[in-house]
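Everything below concerns the one structure shown next.
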Amino acid sequence: MKSLRTMSSILLLVFMASVLSLAQKSDRAIVDKFEQTVKALSQATDAAKTVQDCADITASMKELETEFTPYKDLLDKSLYPDDYSKTITNLKGRLLVRQSDLGVIESQIVRITELEAQVKELSGKIDSLSQTNSQLLGESKRLEKAATIDKAMVDSLNAVIAQLRQNLKARDQLIFALVDSLFQQYDKNVAAMNDVEKQGVVGKLERRNVLTSIKKSISDNLQFLESTSLTAKDYAEIERQHNKFESQWKGIGSKLAAVYLNSKQKKNDVAVIDTMLATWSAKVNEGTWKSLVALLEKGGIAIKPFANGEEFYQNFTAFLDEQIKNPKDESKDIRSKRFSNFNTTVWTTDLDPTWLPVLVETGKITADQKLDIEKKVEAWHSSIAPMSWIYYVIIALVLIVILRAISKFVQKKPKPTV
Amino acid sequence: MKLIYWLCSAMFVFMLIGCNTLTLRPAEFSWPVEIVLKPDAKGNVQETRYHISFNVKALLFDAVQDSINVTKYSLRVIRDQDGFYFITAKGFKDVYIFADCEGALKLEKKLLINEKGLDAPAFNQKTAFIQLINEKNDEEPPILLSKNGIQGGEKK
């Protein structure tokens with residue numbers, strides 16, 4: 001616990017040092033912060049007990065160097081009796097001695113430090129994407145209003161929505177990559193971690209605002225869903241993204257709940273995320289079926305209402321069976337037009353290439369059901385399609401071959417001698 | 001007689017040379033960063049790196065009319081390249097410039113900076129000048145000082 005407190009104070013000092021760069025700089029303040037951080041790092045080094053502690057100190061030392069190298073000249077003159085480089089070298093030497101005392105292997109430190117650097121980089125990217133996404137959400141709302149008056153805005157709106165969809169997806173991936181990197185540093189299950197290690201994870205999760213980022217991500221995805229300009233493809237992609245997010249959350253949610261065992265507030269946060277995810281799931285579900293109904297209606301297909309995968313499969317295949325059997329005895333012309341409309345506006349554009357794979361992927365229908373639908377569509381096609389021109393060509397070719405064979409046979413026949 | 005005359009002349013020349021002050025140039029007295037000193041109950045401040053100590057009661061009385069509660073003040077002190085000491089503190093209206101003389105610091109100049117008193121003053125060393133900043137207010141432009149007065153920036 002003591003080393004944790006020390007680490008927190010180091011981080012605070014490093015943070016304060018970065019704040020210094022924002023305000024008017026007092027040289028004394030820079031020197032003081034450097035000296036205090038070095039002192040805190042020295043104390044943390046002496047108090048280090050695990051490989052994780054050593055890795056954390058290594059990362060903090062790197063941050064210290066990054067932060068203070070621009071002030072090297074000032075520090076060289078101001079530090080006494082050592083200069084800047086010697087202070088850093090002494091600090092590193094102290095840590096090496098401690099690592100050696102603890103029997104820590106250098107490669108472990110390197111790996112953990114790399115992961116920590118990765119976490120930091122990901123964290124920065126998430127912050128930047130969150131900012132961009134907020135701007136894009138605002139922009140899409142503004143454009144939606146404008147698009148109802150000015151159709152020229154529609155293209156801009158579509159571009160914004162496409163960009164937003166990409167960004168939301170990218171940020172979701174980054175958040176989970178960040179959490180993975182955090183847990184990977186410990187090389188063990190949460191259940192096997194001791195309290196100090198759990199506190200270490202909690203500290204890192206807090207520092208990177210992981211729970212807030214996850215909540216923000218779900219909230220942005222929900223806002224995105226409320227956009228009225230989403231196409232069938234957008235919904236298919238949202239459905240896919242939601243499913244991925246949910247399965248990734250299942251993977252880390254239990255781990256987070258385990259490390260937050262002693263924090264009621266954070267346990268509540270995890271529960272809030274579960275609830276938000278359930279809302280997202282319900283909205284995605286609702287949006288998915290609404291979008292599918294709209295797609296089918298666009299293709300002139302009226303089927304019984306459906307609200308889940310099974311109902312969709314049953315009602316859609318019932319419709320296909322009816323088309324194949326033609327119980328109303330509709331003329332070929334009407335049936336042909338209906339199929340052609342369905343084929344060009346629904347089947348080849350959205351349903352077959354996009355929707356069916358997504359529905360299978362997300363477990364809403366089975367692969368067998370997808371296959372069955374495809375077979376029935378093919379059967380519908382066959383039931384109304386006139387004989388294909390390919391058959392005519394084949395027949396013509398066969399006839400030509402036969403005729404040539406006959407003519408050759410006739411030519412070869414010896415003329416009767418007179 | 002002539003010899004005595006030449007000997008006296010030579011002695012006079014040697015005396016003249018001997019009386020001329022020996023000056024070492026160039027000399028650099030600047031401190032890289034300011035020091036922050038807190039007076040003890042008697043008003044004494046001491047800095048270990050530069051081995052300097054002096055009493056600030058008279059200064060505090062002049063600046064804030066308080067020579068009793070001296071321990072509550074933090075004095076910002078820096079020395080410029082010519083060896084003058086610049087001293088101020090939170091609540092001071094002025095920056096005091098001192099020169100050292102026999103066992104004392106002698107006031108050279110008092111520069112009025114802010115009628116209402118300084119908020120969070122700090123000195124930085126800027127080669128030929130001493131820069132005075134307000135650590136709590138980014139919008140306040142820094143002021144450049146020398147022993148001759150304010151060289152740049154504005155009075156508040």
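Just so it is clear, none of the values below were taken in a lab; they were calculated from the coordinates. Just so you know, these numbers come straight off a predicted model, no measurement behind them. Glycine gets a Cβ as well: all are built from the backbone with ideal geometry, and neighbour counts include every protein chain shown.
Numerical summary
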{"item": "Average partner coverage of A:25-37, which counts Cβ from other chains inside 10 Å", "result": "4"}
{"item": "Distance from region A:331-376 to region A:279-300 (C-alpha centre basis), Å", "result": "15"}
{"item": "Cleavage-rule hits (GluC sites (Glu not before Pro)) in region B:60-156: DSSP loop, at most 10 neighbouring Cβ within 10 angstrom", "result": "B:E102, B:E115, B:E139, B:E154"}
{"item": "Peptide-level mean, for A:357-363, of C-beta atoms on other protein chains within 10 Å", "result": "0"}
{"item": "Interchain or long-range residues, amide H under 5 Å from B:E108's placed H", "result": "B:I97, B:F98, B:A99"}
{"item": "Sorted by Cβ neighbour density within 10 Å, fewest at the top, the residues B:L60, A:L356", "result": "A:L356, B:L60"}
{"item": "Listed residue pairs exceeding 25 Å between alpha carbons, taken from A:K267/A:K290; A:K62/A:K250; A:K266/A:K364; B:K57/B:K116; A:K86/B:K38; A:K215/A:K255", "result": "A:K267/A:K290; A:K62/A:K250; A:K266/A:K364; A:K86/B:K38"}
{"item": "For B:F84, net neighbour charge (Lys/Arg +1, Asp/Glu -1) across residues whose Cβ lies under 10 Å away", "result": "-1"}
{"item": "³J(HN,Hα) computed for each position of region A:63-78 - Karplus, 6.51 cos²θ - 1.76 cosθ + 1.60, integer Hz, glycine/proline x", "result": "4, 4, 5, 4, 5, 9, 4, x, 9, 4, 4, 4, 5, 4, 6, 8"}
{"item": "Built amide H within the under 5 Å cut-off of B:K136, gap 5+", "result": "B:A120"}
{"item": "Derived scalar couplings ³J(HN,Hα) [region A:366-379; Karplus, 6.51 cos²θ - 1.76 cosθ + 1.60; whole Hz; x for Gly, Pro]", "result": "8, 5, 5, 5, 4, 4, 4, 4, 4, 5, 5, 5, 5, 5"}
{"item": "Sparse-neighbourhood loop sites, trypsin sites (Lys or Arg not before Pro) in region B:77-123 - DSSP loop, at most 12 other Cβ within 10 angstrom", "result": "B:K116"}
{"item": "Inter-chain shielding of A:70-79 (mean C-beta neighbours from other protein chains, 10 Å cut-off)", "result": "2"}
{"item": "Ordering of A:167-173, A:89-95 by packing [mean C-beta count within 10 Å, highest first]", "result": "A:167-173, A:89-95"}
{"item": "Highest average packing first - A:33-40, A:192-199, B:23-30, Cβ atoms within 10 Å", "result": "A:33-40, A:192-199, B:23-30"}
{"item": "Sequence-distant residues sharing a close amide H with B:G152 (under 5 Å, placed H)", "result": "B:L144"}
{"item": "³J(HN,Hα) computed for each position of region A:203-212 - Karplus, 6.51 cos²θ - 1.76 cosθ + 1.60, integer Hz, glycine/proline x", "result": "x, 5, 4, 5, 4, 8, 6, 4, 4, 4"}
{"item": "Estimated FRET transfer efficiency when R0 is 35 angstrom, pair A:K86-B:N148 (beta carbons, to 0.05)", "result": "0.40"}
